[in-house]
Structure formats: C-alpha cells, structure tokens
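K.L.:
Structure in structure tokens, see below.
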Amino acid sequence: MFFSLVLFLSCTNMVYVTKIEDTLICINDTDCSESIDSTIYTQNPTVNDPSSLGDSSNDIEENNSFTTIIPIEITSSRINSNVTEQQELESTLITISSPAIHPDDDEVLILEEREICECNLNKFSCDINCCCDIDCNQFHLSAFSHCQNYHVEFYDSRYCYSRNFIQRNNTSFILEKLGNNLFCILYDNLPSTYNADNDLILNSEKDLWKMIRKRYKWEIVEEDSRGLPKYNLSKYYQHGDILWKVHNKSIEPIDLLQPGFTGICSFRKTLRYLENWKGACMQNDLTNMNRYLFAMTFSNFTVINSLPSFNDTFTKTQACQSNICLSVRTHYCLKTAFSACDRTRIGSSFCMNSTCTNIVKGLKYIIAHNGSTGISNIDAYFDIGDTSHAFYQYFEVQYHWIDANKTKAFARSGNPGYIMGKPIIFGISRVNKSDEISFNKTDGVLTLPLAGKNGECDRINRHIIAFGEDVKLRCSARLLIKNFTALSCMKLQNLTMRLLMKDSLLNASQRYSAYVSKLGNVAKKDTSDWLRIVFDRIPQSVVTAHIIGKRILCSGLLTSMHLDVLYSKLPEPKTLTNYKILGIGITFGKEEDISWSKCAPKNCTDILHIDIISHVNFYDVSKPSRYHFVGGPNLDITLPYDFFYPFLNGSKEIEMLNIFVLLIMYVALHANI
C-alpha cells in the first residue's frame, strides 16, 4: 500500500502560484524593462471554490503583505535589556559628564536594533524619539517621550485573506494580505448579527448619574483660570517640555511670534524642548512700542538649563549661577540668510514715522543640549536691517546634541528611501575623480530661483525642490547697462543661467557630471548610490545684440527650464511608504529674442528685464503585482537499501509471497488509472 501511495502521489499534478512583485527596479537604473523581484508560495488552484474548503490553504507560506499598514506610535514597556551602546563620536565641544537620568514616570524606553530604521533621518546624530537609531544610546533615550518606530497590523490572523481597515491604494487592484498560519478560514457563511434593543432606559436622574459614574472614568482636570503653564522643578527636560527663562525675577516660558488668522504677528509660539520649528509672520506695527522689533526682547534674559538644578529662591534675588541660568550668546548678521555674522553690537535701534533702523528682521536660535541633562548653550542669530513698510519677520529654532560630530552629521531625505516632501540630495563628480561623488552636507540639495517681495529673483534664498511636489515658479531678473553691446546680452544670459541652475549645477553641466541620490539615504560616495542628471543639451552662450531704431534686442536667450523626475515605490518593507528615483532629466526651453525700449538721453542707463520660469514634475511609474502559474515540483523517492531483498531470495515460500505482492501492486496501479 505504501508503494501504491507513492505512485499515486507521483502521478498527481500539483499547481504552484508564483507571486511576482514588479517594483520597476530598472536595469542600470535607466532602462525601465521588465526587471522583476519574485517570491514564491503555494496555493490550491480552486481556492475560490467552496467545495475545496477542506483541501485548501495548508501550504501558504507567504509573509509578504499587499496592504499598506498605517503606522502608529506606541511606548514600550519598562524592561531592562542589555543593549550594546554605540561608541561615542569625538566632539570638539566640552562634554558635560553626568549620570544617566531616566524619566520620572514608571516607563523607560528600550533601544531596539532593526534592519531598517525609518525614523533615522540624521546620520551620525541621534534622532529624537527614534529608538532604533544606532547613533543613540541608553542615555539619549532618557530625553525621549516615546518611540515612533513601531507598527501595528490591523488584520485578523484567523482568516486566509484580510484587508486593512484603513489603507492607501492608488491602483485598480484589490490589495489583500495572505495569512501564514497552518489552518485559516477561507470564508464564513455566518449571517450578520444585529441587536435591535440598543436603547438605554433611564427612568430618573438617579439612573443617569449612576450610569455616568459607572461608564465614564476619565479625570476632568481643571485648567488654571489665567491659562498660564506651570513648571515642575523636580522634572528633568524631555522631548515636548516647555523651555523656561528667568526674566524680571520671574520664571516664564520662552516664546516667539507666529501668524494668527490674517498672517499678522498676533499669536505666540511657545518653544518646546527638542522640537525644531520655523515660522514667519507680518510685522505692520513699526513703532517703538512694538518690542518684538528689537534684539533685546529675544536676548535680555537667562535660560534655565535644567529645572531640578534650579532653585525657586533664585527668582527673588536674580542670583542664579551662570552654569544654571544660561545667558543668550548674540550674533548680529547684516545680510540675509544669517550670513556675515559677528558678536559686535550694532548701533541704536529705533522707529520714527513708520521708518525703523537696525531692527530684527529674522531670528534663529541654535540650542545645544545633552539630552535629559538639559541645555548646554543657546545662540541667537539676528538678521538686522532697516525698513519703512510692513515686512515678514522670520523665526527658526534648531537643536543639536552637544556630543554630535558636526563634521560628519547631516540630514537624510528618508530611510531606506525618499519621503514625500523631503529635499532631493545633489552631488557632483569631478573629472579627475569620476568614481567619487562629493556633496555639500549643509546645502547639497536641488533648488530653483525664488521671487522676492518685489517679484525679482532672490540672489540668496532659493526654493528647495521637495520630493513629489510639482511646481511652477516665475521671477524676474534685470541688468543695468550704460553702453549696450553684445557683451551686455552675454552678461544677461550668464545671470539667467546662474539663477536657474545655481553655480554648482551650472558647472556640472559644463565640466562635471551632476548626480542626485537615488534613495535619499546617502551611505556611500561611489556612483552606485547616485543617479546621473541628464541634460537635453548643454547651453551655449551664443547670443547676439541688435539696435533697431529706438529698441535694443538680444537674440538666443534661454529663460526657462523643465525638470522631470521618474520614481517608484520601494517594495520592502510593506509598512513604509518610501520611494526611489529612477531617472531625472533637465530640458531647457527654446531660445528667445527679447527686446526693450532704449533710453533717450545720452549716457543713460538701459534696464534689461527678463522673466525666468522653472517647472518641476514628478512621475510615479510603479507597477502593480502580477501572477503566473508554474510547473509542478520534482519528487525524489529514496528507498531503503534492502527494500528489494525479499524479491531476490530463491525460496519457494518467498517466491509465492513475491507473486502475491506483485499482484496487489498491479491491481492497485490499474485501480488508480
């Protein structure tokens, strides 16, 4: 019977299904052909047939999910685990040594090594609330308020197929998850259950209050009638805590201005520990009564570095030690983008007749911290200028670890792939080092010219191209010329190209090769992690000048540029939404002839005015999963070495037994056929 069973299994056709996830991983990242990443699992071909319920689904071994799992943030339980701490990076700053301090509550966060850590966006620096960051150690975790690198699956594991309660599906295909358990429910025929008697009967007020006390147990916290936040001198700083300052013998939160319902600086933004922030609002009150126009408002106080080290009695005499109440180090910048800054104090600041001199147009706080130990130092960079009309006041707050290696640390645009809205990292390969990509860690992103308040292209501030964001930008450039010649048109063309492509990208199109990071997760400098930018043509500065009557003309000017980006979704992990750039190209617009009116007086100045236009488009070329059937498996049958011994023995009794066994095998074989 055993042999007949083996023969029966060998004659039975078994159907296997191969799942092919076509993730558009292109050959050489340029030819998007049918390159496929495949995984195989077995499935009964009659899976949709109700009669096959008893024979189905025991062979399912697929763990990959077709669904998009919505990540949520959870806090791990308080478990002491042995974690190998990462070696601390060398620092040029003075590190304050102090014992590891844990939060005051009953929970402590746990470091967890993961193959892919999606929240690790700053290389060589510990990301706040990222418990899988290899740059973090147990001391860093004491400043975290929660972990943000956990995901929960929403499907019911009892069923063979499940769909998410919440999912994102941009295709016309139904996305399902295959269960990986030994036994699963293919479908159930149970009718829906309804409860018609769902009204609560309350006969009196007594029944009402009884039910309220029974059902609703949350605590109602009475807020302070004045709405003022409170501080806790026994609690160490953690992520999200309010920053406190000592000002006029009182403890107050540190706050900046932010726009209200009209964009005017009417609301306040309270600064919170380890939370970077940017904002801008309009200042239209140009008088000396508006204290937010002057630098003293943002620096004439001390910052409490750690609340437990502060004593309430210090607020009465203002005799706080300098290592506990930190003074704000001021830097005054006379140019935009906080450049050309020094510690030298500026002249007097005042406003008269709606004209202000030496006022604060922008402010940037850079705060160095040491986790839960507190703040190490705080620097304020002021953008100083004059104005006679309403303007937008800019604010920015940045935090960084005091022990971070500033020469190595830089921000990534995603991990493992690009995140929507993050910058596109840009680099160049020089001719003598064709296999190595160099990029600026602080400013190495693709940008476009941005219009200022008067519509002219800003020479310093530029628009950062965000991944997945289609934009069209327009700004104007002008050139003042006293003697119009062909050289004037050449200068105008060079100015246009510098504004369109910036100096680094302009040089890359001529002498170097321009690249972008494929994944935004810059790990290596060789070309394997980078993708070359393709230009439709190299711009040639061949322009001519003409004077026709009372008009002057430049022919052959390039004034527009179109940037196209092809990208696809990464196949793994399923719980994340990350992307990879597959191709990027820059197309220049047609050469144009532009003319202007020539000024009449002798030795006058001609104004050459031109509009610069730039476009950016992103194209998602991801492909859906596909299926095809494959052949059955190969069965190898191995018998014991003495299996045929009874058939080879010459005795009469054995011979009769052999004949009987062969007869049974013959009958069983023909019965199966």
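Values quoted throughout were computed directly from the atomic coordinates according to the rules given, and no laboratory measurement underlies them. Because the structure is a prediction, the values reported are computed rather than measured. All Cβ positions, glycine included, derive from the backbone under ideal geometry; neighbour counts span all protein chains shown.
K.L.:
Below 13 angstrom from the Cβ of residue 552, what's the summed charge of the other residues (Lys, Arg +1; Asp, Glu -1)?
P.N.:
Spelling it out: positives minus negatives among the neighbours equals +2.
K.L.:
What residues have an amide H closer than 5 Å to that of residue 420, excluding those fewer than 5 places away on the same chain, when H is modeled at 1.01 Å from N in the peptide plane?
P.N.:
Those qualifying (amide H under 5 Å, at least 5 residues apart or on another chain) number zero.
K.L.:
While we're here: I need the calculated FRET efficiency for the pair residue 269 and residue 634, taking r as the beta carbon distance and R₀ as 51 Å, to the nearest 0.05.
P.N.:
Computed FRET efficiency for residue 269 and residue 634: 0.15.
K.L.:
Ranking request for peptides 480-491, 125-136: highest mean number of other beta-carbon atoms within 10 Å first, then the rest in descending order.
P.N.:
Those peptides, ordered most packed to least, come out 125-136, 480-491.
K.L.:
Would you work out which of 588, 565, 547 lies farthest towards the positive end of the dipole of the range 533-592? Charges go on Cβ: Lys and Arg +1, Asp and Glu -1.
P.N.:
547
K.L.:
Where does each of 364-373, 109-118 land if you order them by average Cβ count within 10 Å, highest first?
P.N.:
364-373, 109-118
K.L.:
Now for a different question. Taking the Cα centre of the range 342-499 as origin, work out the dipole magnitude from +1 charges on Lys and Arg Cβ and -1 charges on Asp and Glu Cβ, in debye rounded to 20.
P.N.:
With only Lys, Arg, Asp and Glu charged at Cβ, the dipole is about 460 debye.
K.L.:
Output the pairs from 364/569; 406/525; 235/441; 482/502 with a Cα-Cα distance over 30 Å in this structure; if there are none, say none.
P.N.:
Too far apart for the 30 Å limit: 364/569; 235/441.
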